[in-house]
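Chemist: To start, I am sharing the structure in question, which I have written as structure tokens.
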Amino acid sequence: MTKTAFSSLSHPSRRGFLGMTLMTTAGLGLSTLPGPARAQASGQVIVGVSQEPTIFNPHLLHIEVDDGIHWAVFDPLLVVEPDGTLAPRLVTEVPTVENGGVSADGTEWKITLKEGVTWHDGTPFTAEDVKFTIELQQNPDFRAARRDGHELVEEITVISDTELSWKMTSAFAPYMAILASTFIVPKHAFDGVDPNEAPFNQAPIGTGPFVWDSRTPGDNIQLVAYPDYHGTRASIARVVIKYVPDLTVLYTQFKTGDIDVIALQGISADHYAEASALPGKTVLAVPAGSVETLAINTGNPVLSDQAVRQALYLGVDKDTIIEALYYGLPTPTESYMPQQSFYYNPDLPKHVYDPDAGKALLDAAGWLPGDDGIRVKDGKRLSFTCSTTSGNHVREQMQQFLQQGWKDMGIEMEIGNLPPAVMWGDHWMQSQYDMAVVGIIFLTGPDPDTLTFMHSQAINAQGGEGQNTFQIALPELDALLEKGATTVSPDARKPIYAQVQTIIRDQLPFLPLFQRNEVRGHQANLEGFTPNVNVRMNFWNMQDWRWV
């Protein structure tokens, strides 16, 4: 994470576009290739994931694992590098005030697209596709994953096939980061069809380094290298993304060589020591932007009581969970903000494990033990269900540990875990859960904006647009989030988001546990991996993977 304002960034990184390259291909003569010269793609990589990708239109509501497919198949206009800087993907340069791409007040934008880019079906990529993608987010009939930022865009003008401009009703500081996670989709794939039900949604067409090949539901998705990719072309000919819901089985298949790469959820902490010593494997623990939480549906009549949420947190033995179940790998936290961020607030109250204080708090709030020991107030039992993905054995062990501890406080927690596709479908998105064990990346790249997770208008279960599945709705919080989104200077934004973190820590719409240090593994002779804390899935540079 960096302190630098997005508007000051203009230089491309090593992943910048290298231009057109001429090369001679045996049997084909002299040809012009859109990307840098590279040997013909070959070989196969099998990537193991513990959750099944199911949403292939990147603009429909989706979860983290789906982003892996999106990064391989699509391109955004810009990409956030591991150091937090921006680089061009589909544009020739990052728009800035200095190069005339963004007006001084942040409301007028102009971008120039790369020439010679094609969709996987051979159709030329043009400015009309960018215009369509932005307007798709504004379509009230489309089930957009996020509208914030995009809804401020107006007067989109296509100047030429490679140039377009637009105006914004007001400056929106996070918009550059949003563009870096907005994958461009082809206008022609949606002609005459409902975008929510378009065939594209199950067989996506992108401009990315890999082409959609096939899907076997419940088992795998296969992608193949796109030979006409406009950027650095993939070295790997085929990528098989294999769904293995049980983390122990996933690790075993990595150990035996049946899987070349472990992606989401990585290698579980209990296998870290053994995995680190495996011959022919590269295993690293790297900081991730994901914060593990006990998400709480504040719309639940029992959990809507702030005193209950505070008592629950007092009853969480966080140190034991981290040391005994996660082998000390994660970093405890009190915030949703990654600790590498310029905006992280280090002065939040430190968690204390004190179940007796929790019981006293519940007593004072009128939650008194009933005949069976479970607390009751106004005829409601202090009882709820905690859910997460089935097969995540470490989370399941944590649930059992919490269940016993809270029972001793007069709190009844039942466990009701679900397959990933069910867990992270309407159960999560429509706030049908009571409590959920979930790792969330709250930020878009390095930008601190969290409107989509915390604003009252971002509650899907109440007809809003966003991912405020906690159903937290506070006027003070809304005002701060709106102020932060329209303040450009990082130094001016920092105290705003420090206050947002203070409110969240006090209200506890989720109980923060730790920031993950994700244990990732791959075959030692597979190179090109570059961790990037700014993206949700580390497929962002899959075209750089190569066998050596």
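Nothing in this text is a laboratory measurement; each read-out follows from the coordinates by a stated rule. Keep in mind the model is a prediction, meaning the values are calculated, not measured. Here Cβ is always computed from backbone atoms with ideal geometry, including for glycine, and neighbour counts include all displayed protein chains.
Chemist: Using +1 on the beta carbon of Lys and Arg, -1 on that of Asp and Glu, and nothing else charged, what's the dipole of the chain about the Cα centre, debye to 20?
Modeler: 980 debye
Chemist: For the chain, what does the convex hull of the Cα positions come to per residue, in cubic angstrom?
Modeler: Cα convex hull per residue, to the nearest whole number: 144 Å³.
Chemist: Next question, about the same structure. Quick one: what does P(r) look like for segment 147-211 with 10 Å bins over all Cα pairs, in whole %?
Modeler: 16, 37, 40, 6
Chemist: How long, wide and thick is segment 290-516, going by the Cα atoms along their three principal axes, in whole angstroms, largest first?
Modeler: Here the Cα extents, ordered largest to smallest, are 57, 39, 36 Å.
Chemist: Sticking with this one: Give me the net charge for the shell around Ser160: Cβ to Cβ below 14 angstrom, other residues only, Lys and Arg +1, Asp and Glu -1.
Modeler: Counting the neighbours of Ser160, the net charge comes to -2.
Chemist: If you don't mind, there's one more thing I want to ask. On a straight-distance basis, which aspartates and glutamates could pair with Lys131 in a cross-link, Cα separation under 12 angstrom, same-chain partners fewer than 8 positions away excluded?
Modeler: Result set, ordered by chain and number: Glu154, Glu155, Asp161, Glu163.
Chemist: Follow-up. Sum up the charges of everything whose Cβ sits under 14 Å from the Cβ of Val500, counting Lys and Arg as +1 and Asp and Glu as -1, but leave Val500 out.
Modeler: Computed value for this residue: -4.
Chemist: Expressed as a rounded percentage, what relative contact order does the chain have, with Cα pairs under 8 Å and six or more residues apart?
Modeler: Relative CO of the chain lands at 20 percent.
Chemist: Here is a follow-up. In Å, what Rg and Dmax follow from the Cα atoms of segment 327-461?
Modeler: Reported Rg and Dmax, both Å: 17.4, 51.
Chemist: What is the local net charge at Glu93, summed over the other residues whose Cβ is closer than 13 Å to its Cβ (Lys, Arg +1; Asp, Glu -1)?
Modeler: Here the count lands on +1.
Chemist: How large is the Rg to Rh ratio of segment 160-319 when both quantities use alpha carbon positions and Rh follows Kirkwood? Walk me through the numbers before you get to the answer.
Modeler: On the way: Rg = 22.3 Å, Rh = 21.2 Å.
Result: Rg/Rh = 1.05.
Chemist: Let me ask you something else. Where the convex hull is taken over the Cα atoms of segment 391-548, what is its projected area averaged over directions, in nm²? Display every interim value, and only then the final one.
Modeler: Details: hull surface 49.8 nm².
The Cα convex hull of segment 391-548, projected and averaged over all directions, gives 12.5 nm².
Chemist: Would you kindly calculate the mean projected area, averaged across all directions, of the convex hull enclosing the Cα atoms of segment 92-169, in square nanometres?
Modeler: Details: hull surface 24.0 nm².
Over all viewing directions, segment 92-169 projects a mean Cα-hull area of 6.0 nm².
Chemist: Now a separate question. How big is the dipole moment of segment 244-368 about its Cα centre under a simple scheme where the beta carbon of each Lys and Arg is +1, that of each Asp and Glu is -1, and everything else is neutral? Debye, nearest 20, please.
Modeler: Dipole magnitude for segment 244-368 comes out near 180 debye.
Chemist: Taking Lys359 as the anchor, which lysines have their alpha carbon closer than 27 Å to its alpha carbon, excluding any fewer than eight residues away along the same chain?
Modeler: Straight-line reach from Lys359, under 27 Å: Lys318, Lys350, Lys377, Lys380, Lys407.
Chemist: Per the helix-only calculation at 222 nm, which mean residue ellipticity applies to the chain, given -39500 (n - 2.57) for every DSSP H run of n ≥ 4 and division by its residues, nearest 500 deg cm²/dmol?
Modeler: About -6000 deg cm²/dmol.
Chemist: Just to be sure I follow the definition: excluding the sites themselves, where is the longest run in the chain that has none of the trypsin sites (Lys or Arg not before Pro) in a DSSP loop with at most 12 other Cβ atoms within 10 Å?
Modeler: Details: sites that count: Lys3, Arg14, Lys350.
The answer is 15-349.
Chemist: Sorted from largest down, give the three principal axis spans of the alpha carbons of segment 426-506, whole angstrom values.
Modeler: Between the extreme Cα coordinates on each principal axis of segment 426-506 lie 38, 24, 23 Å.
Chemist: With θ set to phi - 60° and the Karplus curve 6.51 cos²θ - 1.76 cosθ + 1.60, what are the ³J(HN,Hα) couplings of segment 220-225 in order, to the nearest whole Hz, using x for Gly and Pro?
Modeler: Per residue, the Karplus-derived 3J(HN,Hα) values read 7, 10, 10, 10, 10, 4 Hz.
Chemist: Could I ask something else about it? Going down the list Lys110/Lys242; Lys110/Lys483; Lys242/Lys483; Lys242/Lys494, which pairs span over 31 Å between their C-alpha atoms?
Modeler: Exceeds cut-off: Lys110/Lys242; Lys242/Lys483; Lys242/Lys494.
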